[in-house]
Amino acid sequence: MKRFSGARFKPITWIFVLVISGLILSSATAKADVIYSNTGTLNGVLTPNEGYTPSYSIVATFVYQSGDQGILVDELGQFAVNTGWHDSQLEVAANGYVYSSVWPYGTDISLGMAQAGSNTATFTYNAASGILTGQLNSGPVVSTSLGRLDPITNGYDQIWAFGVPDSTNIGSFVIGNNNPGGYTDTITSASISSTPEPSSLLLLSTGLVGCFGAIRRKFAR
């Protein structure tokens, strides 16, 4: 009788495993959840407090003219700029190149030179791997490995600002010497998306597998 019972539940077991695997893979490859999106002239705009966001992507569209420079995206730990927790994460240098980084600085990535008119800059930080990836328009995708300290785990809020002055620049000599925190580009749209952490997906799958095991044992009796 036990042998028949085992054979009876074996197909169900495989179906369950396949379904859970599909859910995990689809969650891992699904688009990140948009936590903020806005259009218009966004210079000086601050997001709400977005809470703990270890992995995230930011897409910013801005209008560039020769000689423009300044911060596109700034990370804040409070609703005040250039004080407390503040660091530039995406900015245009005096030479027209777009740079990205996360705090604490040490390494930045150059996304390339902005073109006259509208530009779209994208950067993604993966907390699990410590990889920062960025792209300007349809240019090459560039990346670097570096660790990020986030405001939330250091007792601050999680806020982003667009086109605000900040004396804490990315750290490149070009940016640090030529960009005092002023801003002349016009940001026309921005969106911020959070990326699910692998640990959360693992916790979900573990819980589901445990529930199934308990149900299977109950019916096997």
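The values are calculated or read from the model by the stated rules, or taken from the named source; none is laboratory data. Everything quoted here is computed from the prediction, not taken from an experiment. Every residue, glycine among them, receives a Cβ derived from its backbone with ideal geometry; neighbour counts consider all protein chains shown.
So, G70, is that one at pLDDT 90 or above, touching a Gly at 6+ places or on another chain (Cβ under 8 Å) and not polar (S, T, N, Q) or not?
So G70 fails the test.
Being at pLDDT below 50 and either aromatic (F, W, Y) or closer than 18 Å to G163 by Cα (or both) is the filter here; which residues of the stretch 9-59 pass it?
F9, W14, F16 - these are the residues of the stretch 9-59 that are at pLDDT below 50 and either aromatic (F, W, Y) or closer than 18 Å to G163 by Cα (or both).
Could you name every one of the strands (runs of 3 or more DSSP E) located completely within the stretch 68-108 that has at least 1 residues being touching a residue at least 40 places away in the same chain (Cβ under 8 Å), of a type in the set (D, E, K, R) and surrounded by 18 or more Cβ atoms within 10 Å (Cβ to Cβ)?
Of the strands (runs of 3 or more DSSP E) lying wholly inside the stretch 68-108, those with at least 1 residues that are touching a residue at least 40 places away in the same chain (Cβ under 8 Å), of a type in the set (D, E, K, R) and surrounded by 18 or more Cβ atoms within 10 Å (Cβ to Cβ) span 70-76, 86-92.
Sort through P54, P104, P48 and tell me the only one that's closer than 23 Å to G147 by Cα and more than 14 Å from the chain's Cα centre (by Cα).
P104
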